[in-house]
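Asks: Before I ask anything, here is the structure I am working with.
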Amino acid sequence: MTTHLPADLKTFLLGSHVALALAAPERESPLLLVNNGFSALTGYQAEEVLGQNCRFLQRDADNRQARARIHAFFDRADQNSVRTDLVNFRKDGTPFVNLLYMSKLRNRDGSVRYIFASQFDISRTRTDLLAEYDEQLGHTLTGLRPILSETGTIIDGSLLTVANSASMIAQAKMLLSTLNEAPPLA
Ligand SMILES: Cc1cc2nc3c(=O)[nH]c(=O)nc-3n(C[C@H](O)[C@H](O)[C@H](O)COP(=O)(O)O)c2cc1C
């Protein structure tokens, strides 16, 4: 499934320490690549998930607001990135709050070539670890730029600085606590 990806791009993404995924821009966004960071986070190996839409990680979680934000990102031609937290489940069934970052990688004519995404578990993390992750993600995006430009793909300059979203940790913890709440007494 990764055969259509330029070799340099594939090597770069597979070597990154943050969890990453790349999808084709078609309606169902089939996954073209996931790296080891993605597998470590979710418990799924590449061969189990390539070709699928990544929503399988949500299982039966509601995620209505988060999905609406993602839909807006897909629908608005001028929106290049989105960041949202949403409830996901690892392969072993453990829930976590995924801080999902997605951006459009475009051809020179403006059409979308790939959807890039990165995942981070903010449910059990500390603010400093999120800041570190944001920095690594920023480095990854910066490193991607020359590799992509060789293949005629553009990464919007505004994407290179990932907004520090430490405040989202608090929100994620609230979301997680609602998941862990004991079922109401009958
Ligand atoms: C490259 C890529 C990676 C994604 N990664 C995740 C993920 O890790 N977790 C998740 O819940 N959704 C992820 N998504 C979002 C879902 O695939 C889907 O777009 C979202 O659930 C909204 O669409 P839906 O309402 O049709 O499910 C990813 C999407 C893309 C394109």
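Asks: In region 90-100, which residues are more than 9 Å from the ligand (Cβ to nearest atom) and in a strand (DSSP E or B)? Even if it seems obvious, please write down each step before you answer.
Replies: We begin by selecting, within region 90-100, every residue more than 9 Å from the ligand (Cβ to nearest atom); these are 90-97, 99.
Those that are more than 9 Å from the ligand (Cβ to nearest atom) and in a strand (DSSP E or B): P95, F96, V97, L99.
Asks: Further question on the same structure: Give me the residue from region 90-147 that is surrounded by fewer than 16 Cβ atoms within 10 Å (Cβ to Cβ), polar (S, T, N, Q) and closer than 24 Å to A72 by Cβ and, out of that set, modelled with the highest pLDDT.
Replies: Checked region 90-147; the qualifying residue modelled with the highest pLDDT is S111.
Asks: Report yes if some residue within region 70-88 is more than 14 Å from the chain's Cα centre (by Cα), more than 8 Å from the ligand (Cβ to nearest atom) and part of a helix (DSSP H, G or I); otherwise report no.
Replies: Among the residues of region 70-88, at least one is more than 14 Å from the chain's Cα centre (by Cα), more than 8 Å from the ligand (Cβ to nearest atom) and part of a helix (DSSP H, G or I), which makes the answer yes.
Asks: What's the number of the only condition in (1) in contact with a strand residue (DSSP E or B) (Cβ under 8 Å, 6 or more places away or on another chain); (2) more than 9 Å from the ligand (Cβ to nearest atom); (3) not in a helix (DSSP H, G or I) that D60 fails to meet?
Replies: Failing condition for D60: (1).
Asks: On to the next question. Quick one: in region 3-41, which of the residues that are among the β-branched types (V, I, T) and away from the ligand (no atom under 13 Å from the Cβ) is farthest from L144 (Cα to Cα)?
Replies: The extreme case among them is T3.
Asks: State the number of residues belonging to region 14-45 that are without any contact (Cβ under 8 Å) to a residue 24 or more places away in the chain and touching a helix residue (DSSP H, G or I) at 6+ places or on another chain (Cβ under 8 Å).
Replies: 6
Asks: Restricting to region 40-57, count the residues that are surrounded by 15 or more Cβ atoms within 10 Å (Cβ to Cβ), aliphatic (A, V, I, L, M) and part of a helix (DSSP H, G or I).
Replies: Of the residues in that region, 4 qualify.
The values are calculated or read from the model by the stated rules, or taken from the named source; none is laboratory data. Note that the structure is a prediction, hence the values are computed from the model and not measured. Reconstructed Cβ throughout: ideal geometry from the backbone, glycine too, with neighbour counts over all protein chains shown.
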